[in-house]
1. The conditions are (1) open to solvent by less than 40 Å² (accessible area, probe 1.4 Å); (2) assigned to a loop (DSSP other than H, G, I, E, B), and Val30 fails exactly one of them. Which is it?
2. List pairs: first residue in the range 51-72 and buried (at least 16 other Cβ atoms within 10 Å of the Cβ), second residue of a type in the set (S, T, N, Q) and in a loop (DSSP other than H, G, I, E, B) anywhere in the structure, Cβ distance under 6 angstrom, at least six positions apart or on different chains.
3. Taking only the range 1-27 into account, find how many residues are part of a helix (DSSP H, G or I) and of a type in the set (A, V, I, L, M, F, W, C).
4. So for the range 165-177 (the condition being farther than 24 Å from Lys72 by Cβ, open to solvent by 50 Å² or more (accessible area, probe 1.4 Å), among the aliphatic types (A, V, I, L, M) and modelled with pLDDT of 90 or more), does at least one residue qualify?
5. Evaluate the range 86-96: report whether one residue or more is of a type outside the set (Asp, Glu), open to solvent by less than 70 Å² (accessible area, probe 1.4 Å), modelled with pLDDT under 90 and in a loop (DSSP other than H, G, I, E, B).
6. What are the pairs with Cβ atoms under 6 angstrom where one residue, in the range 1-17, is crowded, with 18+ Cβ neighbours inside 10 Å and the other, located anywhere, is aromatic (Phe, Trp, Tyr) and not in a helix (DSSP H, G or I)? Sequence gap at least six, or different chains.
Amino acid sequence: MEKLRILVADDEAGLRQLVRLYLEKEGMVVAEAATGRQVLEKLQQDKYDLLILDLMMPDGDGWSVCRAVRQKMDLPIIMLTARGEEMDRLLGFELGADDYVVKPFSPRELVARVKALLRRAGASPQRGEQLQFPGLSIDIAGREVKVEGRVVNNLTPKEFDLLLFLARHPGQVMSREKILEKVWGYDFYGDLRTVDTHIKNLREKLGRERGFITTVWGVGYKFEVGS
């Protein structure tokens, strides 16, 4: 079985080596990058299953790198940063990051987040398994979403997982806490606005006029489509 490949991007060599040590103990292959330019070069040269990306890079910021990566691929991204302000986290999510870890952090926590994100991105449902609704189809095995027959190309792994979770429970109101638990898959240390940001992005990409995801004020969200 081919080993999972992780790219760790941070300007601190000691931190990269520490993360590498813990990930390699889990049987993963780890490559390192010290600059944003190196990240983009390595992603062009090799295939990776997940990117751990520092927000502050010597030649720019992780947001710019995240945006550039998202324009080309749906690679799962974990943002790694010493900045923990709410707006920084929300901006990272809006640009396509799937998770956000604030320094200093526990290496074991980071490994748990990596494994949880990889598990969801690499889930292997039965071939051909799909969910069909009026105007919307979700190919679970192929991780492909179509709205009125049009492929939605720019969904991040976490946005796909969020849509799939809601679509598997049509008409049921899901609280933000429940969504964090089921979609993120571990004790998430961010705030509940993480869910709101992902819902906002998902609605934009699916088309707001379609109204697949409804807000239930004071409670959470539910998936519903017309007949």
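1. So Val30 meets the others, but not (2).
2. Met57/Thr35
3. Restricting attention to the range 1-27, the residues satisfying the condition of being part of a helix (DSSP H, G or I) are 13-25.
Restricting the remaining residues to those that are of a type in the set (A, V, I, L, M, F, W, C) gives 13, 15, 18-19, 21, 23.
Summing the residues that are part of a helix (DSSP H, G or I) and of a type in the set (A, V, I, L, M, F, W, C) in the range 1-27 gives 6.
4. Within the range 165-177, one or more residues are farther than 24 Å from Lys72 by Cβ, open to solvent by 50 Å² or more (accessible area, probe 1.4 Å), among the aliphatic types (A, V, I, L, M) and modelled with pLDDT of 90 or more.
5. Among the residues of the range 86-96, at least one is of a type outside the set (Asp, Glu), open to solvent by less than 70 Å² (accessible area, probe 1.4 Å), modelled with pLDDT under 90 and in a loop (DSSP other than H, G, I, E, B), which makes the answer yes.
6. Leu7/Tyr48
The values are calculated or read from the model by the stated rules, or taken from the named source; none is laboratory data. Remember, it's a predicted structure, so these values are computed and weren't measured experimentally. Here the Cβ is made from the backbone with ideal geometry for all residues, glycine too, and neighbour counts use every protein chain on show. Protein only, heavy atoms only, side chains kept; ligands, DNA and RNA dropped before computing areas. Shrake-Rupley method; radii C 1.70, N 1.55, O 1.52, S 1.80 Å.
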